[in-house]
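This report concerns only the one structure given below.
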Amino acid sequence: MLGIENFAIPKVLPIGAMLFEFLFLLIAIPIEAYVLNRKLKFDKQTSTFYAISINLFSSTIGWIIFFSIEPILPINLKAELISYVFFHNFRNQGTQSFLLFTAFVMFFITFFMKFFLLKFLIISLKENLKAIYANNPENNRLKWRRNSISRLQNTNLVTTILIANSLSYSAISLIILLSRK
């Protein structure tokens, strides 16, 4: 009827990876909501809404990208990935340097994804952009920057998302290090 008859539940579920993803979201959302509240002067409800939205959307997009890339990975990387997801260890020590590089790339991809998602949400929900970008006393340099192009209007938003993403990634990295025993 709906194609459900061909749906099969996997025999092995990576419950640990699912719980860690849930834990990461529980840590990232309050940290990023706090930063959005303090830096962009949103009220607590609005900053929490934006933090939940950008984290859930970026997490979903990240998993979609992961499941799109995973089938084309070489066999040895798939084996290392399965070993890490199910047993939290690597069989080959050389994989850790590749993982560090991948984490570095993922940080910036997530940063850009969260920036564009937040920008889209602000525009689509018709938030007052002028209030977000309003700075304290203006000097000549700030006036020139404000009147130049839209990329400079995004400076406050970019730095806020960068700070929020950095803090949440740092907290998540600390938890991963502590969970490694």
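The values are calculated or read from the model by the stated rules, or taken from the named source; none is laboratory data. Remember, predicted model here, so these are calculated numbers, not experimental data. With ideal geometry, Cβ positions are generated from the backbone for all residues, glycine too; neighbour counts draw on all protein chains shown. What goes into the accessible areas is simple: the full protein's heavy atoms, side chains included, and nothing from ligands, DNA or RNA. Shrake-Rupley method; radii C 1.70, N 1.55, O 1.52, S 1.80 Å.
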Selection over the stretch 79-130 where residues are in a helix (DSSP H, G or I) and open to solvent by less than 40 Å² (accessible area, probe 1.4 Å) yields a count of 14
For the stretch 26-48, does any single residue satisfy the condition of being within 16 Å of the chain's Cα centre (by Cα), charged (D, E, K, R) and buried (at least 16 other Cβ atoms within 10 Å of the Cβ)? yes
Does the stretch 139-153 include one or more residues that are part of a helix (DSSP H, G or I), open to solvent by 50 Å² or more (accessible area, probe 1.4 Å), closer than 22 Å to Phe42 by Cβ and modelled with pLDDT of 75 or more? no
